[in-house]
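**Student:** Got a structure for you, written out below as structure tokens; questions coming shortly.
The values are calculated or read from the model by the stated rules, or taken from the named source; none is laboratory data. Remember, it's a predicted structure, so these values are computed and weren't measured experimentally. Glycine also receives a Cβ, built like all others from the backbone with ideal geometry; neighbour counts cover every protein chain displayed.
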């Protein structure tokens, strides 16, 4: 299992989540990847898929880690249909692209008919009760 490595500039919150040193609402985990709810979701059930090994961009990861990440993304895109039939899959790479946490991560955002889930509005923190409900809905069959 690859060990997460914090970037030279300091601790990485996603490395901390991958190492179970920071809390998360985990939806899926294997030796190379982890999927967990976004704490400030654009829509109900918005979650992230990350590699456990640290890399700021997808191209920073070894090919094996990229493949593992894609397998988990595929698995989780199949599960998101339990919440909504449509979804966005997004990767922000770099500051100008909107990346805030510099550990590669994909957003999977269920769509419920809103015109644009990325509209500029205040994002609110997920509530514990809803987080637990979404985790149960997306649990393995």
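**Student:** I'm trying to understand the selection: among the residues of segment 109-141, which are assigned to a strand (DSSP E or B) and either without any contact (Cβ under 8 Å) to a residue 12 or more places away in the chain or touching a helix residue (DSSP H, G or I) at 6+ places or on another chain (Cβ under 8 Å) (or both)?
**Tutor:** 110
**Student:** Within the bounds of segment 39-53, is there any residue that is crowded, with 16+ Cβ neighbours inside 10 Å, within 13 Å of the chain's Cα centre (by Cα) and part of a helix (DSSP H, G or I)?
**Tutor:** For segment 39-53, residues crowded, with 16+ Cβ neighbours inside 10 Å, within 13 Å of the chain's Cα centre (by Cα) and part of a helix (DSSP H, G or I): absent.
**Student:** Quick check: anything in segment 12-28 farther than 16 Å from residue 74 by Cα, surrounded by fewer than 22 Cβ atoms within 10 Å (Cβ to Cβ) and at pLDDT below 95?
**Tutor:** For segment 12-28, residues farther than 16 Å from residue 74 by Cα, surrounded by fewer than 22 Cβ atoms within 10 Å (Cβ to Cβ) and at pLDDT below 95: absent.
**Student:** Of all residues in segment 80-108, which are in contact with a strand residue (DSSP E or B) (Cβ under 8 Å, 6 or more places away or on another chain) and touching a residue at least 60 places away in the same chain (Cβ under 8 Å)?
**Tutor:** 103, 105, 107, 108
**Student:** Test residue 78 against the criterion of being touching a helix residue (DSSP H, G or I) at 6+ places or on another chain (Cβ under 7 Å) and more than 25 Å from residue 15 (Cβ to Cβ), and give yes or no. Outline the logic, then answer.
**Tutor:** Working: touching a helix residue (DSSP H, G or I) at 6+ places or on another chain (Cβ under 7 Å): no; more than 25 Å from residue 15 (Cβ to Cβ): yes.
When the stated conditions are applied, residue 78 does not pass them.
**Student:** Also, quick follow-up: Do we find a residue being modelled with pLDDT of 95 or more, farther than 23 Å from residue 16 by Cβ, in a loop (DSSP other than H, G, I, E, B) and in contact with a helix residue (DSSP H, G or I) (Cβ under 7 Å, 6 or more places away or on another chain) anywhere in segment 83-94?
**Tutor:** Yes; the residues of segment 83-94 include at least one that is modelled with pLDDT of 95 or more, farther than 23 Å from residue 16 by Cβ, in a loop (DSSP other than H, G, I, E, B) and in contact with a helix residue (DSSP H, G or I) (Cβ under 7 Å, 6 or more places away or on another chain).
**Student:** If you scan segment 54-71, which residues turn out to be surrounded by fewer than 22 Cβ atoms within 10 Å (Cβ to Cβ) and in a helix (DSSP H, G or I)?
**Tutor:** Answer for segment 54-71, where residues must be surrounded by fewer than 22 Cβ atoms within 10 Å (Cβ to Cβ) and in a helix (DSSP H, G or I): 58, 59, 60, 63, 64, 65, 66, 67, 68, 70, 71.
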